[in-house]
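Engineer: One structure, as structure tokens, below. Some questions next.
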Amino acid sequence: MGNIYPSTHPLVAHKLTRLRDRDTEPKKFRELVREMAALLAYEATADLLTAARPVETPLASTSGAALAEKIGLVPILRAGLGMVEGIWELMPQAEVWHIGLYRDEQTLKPVEYYNKLPVEPTVSVCLILDPMLATGGSACATVDVLERWGVKKIKFVGIIGAPEGIARLQKEHPDVPIHLAAIDDHLNERGYIVPGLGDAGDRQFGTG
Ligand code: PRP
Ligand code: URA
């Protein structure tokens, strides 16, 4: 499979195990999502462009670097919301643009309910944030939205992916790198990732 980057970091593996645990309560679950998002985004942004920037230290002048790309964080509501804060702390200059999608329980197709993107793109690279890549419908719909907006560089940052969703995103958008903590076994008959972690939105927000 090309363009897919499962993390091999021991911290990610450790935190993922706590996240999967059915006994992990929402407060801890949110903390783990926030921390894992930062670790995954650190890996996903290793190729960001920088421009040379000189800097004066207390001792001397030296060469330095400044980020040269305008970054947009694009959480898919609701579950992607919990991934924003940890990443935003690393890159406080990023813009956050929310996309509201829910998955119809019968058809498993994404239904869009919130999108306030302005007409012209304001960022050059977007990180789509959603813990779960199941059928891939929500991720593909979001990439479609961002491509129509005019963003040229798009990455997907998630926590768990199913082979079905990864294959779909790669087929429809081969240029979008997929960064995940883990690739799981399969989807069940209700479109849930197995072994997975259950419903990522419900577990963060204490609903369901
Ligand atoms: C979940 C998840 C993804 C989507 C993944 O959201 O956060 O957005 O399902 O499924 P897919 O790959 O098959 O599209 P959900 O629809 O449950 O909405 P919520 O985050 O508001 O609970
Ligand atoms: N959405 C979730 O929150 N969990 C899954 O396993 C699949 C979709």
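Engineer: Take Arg168 and tell me if it is within 12 Å of ligand 1 (Cβ to nearest atom), at pLDDT 95 or above and surrounded by 20 or more Cβ atoms within 10 Å (Cβ to Cβ).
Structural biologist: Spelling it out, it is not the case that Arg168 is within 12 Å of ligand 1 (Cβ to nearest atom), at pLDDT 95 or above and surrounded by 20 or more Cβ atoms within 10 Å (Cβ to Cβ).
Engineer: Could you grab me the full set of residues in the stretch 136-158 that are more than 15 Å from Arg168 (Cβ to Cβ) and either within 16 Å of ligand 2 (Cβ to nearest atom) or crowded, with 17+ Cβ neighbours inside 10 Å (or both)?
Structural biologist: Val145, Leu146, Trp149, Val151, Lys153, Ile154, Lys155, Val157 - these are the residues of the stretch 136-158 that are more than 15 Å from Arg168 (Cβ to Cβ) and either within 16 Å of ligand 2 (Cβ to nearest atom) or crowded, with 17+ Cβ neighbours inside 10 Å (or both).
Engineer: Among the candidates Ala66, Ala46, which residue alone is assigned to a strand (DSSP E or B), hydrophobic (A, V, I, L, M, F, W, C) and out of contact with any helix residue (DSSP H, G or I) (no Cβ under 8 Å at 6 or more places or on another chain)?
Structural biologist: Ala66
Engineer: Right, here's the next one. Read through the list (1) surrounded by 18 or more Cβ atoms within 10 Å (Cβ to Cβ); (2) free of Cβ contacts under 8 Å to residues at least 24 places away in the same chain; (3) not β-branched (Val, Ile, Thr), then give the number of the only condition that Leu49 fails.
Structural biologist: Result: Leu49 passes all but (1).
Engineer: May I ask you to verify whether Leu67 is more than 16 Å from the chain's Cα centre (by Cα) and either under 22 Å from Glu172 (Cβ atoms) or free of Cβ contacts under 8 Å to residues at least 24 places away in the same chain (or both)?
Structural biologist: No: the conditions fail for Leu67.
Engineer: Now a separate question. Given the residues Leu117, Leu133, Leu180, which is the only one that is among the aliphatic types (A, V, I, L, M), within 15 Å of ligand 2 (Cβ to nearest atom) and in contact with a helix residue (DSSP H, G or I) (Cβ under 6 Å, 6 or more places away or on another chain)? Lay out the reasoning, then the answer.
Structural biologist: Details: Leu117 fails: within 15 Å of ligand 2 (Cβ to nearest atom); Leu180 fails: in contact with a helix residue (DSSP H, G or I) (Cβ under 6 Å, 6 or more places away or on another chain).
Matching residue, one of Leu117, Leu133, Leu180: Leu133.
Engineer: Looking only at the stretch 10-36, which residues are surrounded by fewer than 16 Cβ atoms within 10 Å (Cβ to Cβ) and not in a helix (DSSP H, G or I)?
Structural biologist: Those that are surrounded by fewer than 16 Cβ atoms within 10 Å (Cβ to Cβ) and not in a helix (DSSP H, G or I): Asp21, Arg22, Asp23, Glu25.
Engineer: What single numbered condition from (1) over 16 Å from Ala79 (Cα atoms); (2) touching a Lys or Arg at 6+ places or on another chain (Cβ under 8 Å); (3) within 13 Å of ligand 1 (Cβ to nearest atom) fails to hold for His179?
Structural biologist: Here His179 clears every test but (3).
Engineer: On to the next question. In the stretch 70-106, what count of residues is obtained for those that are over 23 Å from Gly206 (Cβ atoms) and part of a helix (DSSP H, G or I)?
Structural biologist: Qualifying residue count, the stretch 70-106: 2.
The values are calculated or read from the model by the stated rules, or taken from the named source; none is laboratory data. Bear in mind the structure is a predicted one, so any value in this text is a computation, not a measurement. Here the Cβ is made from the backbone with ideal geometry for all residues, glycine too, and neighbour counts use every protein chain on show.
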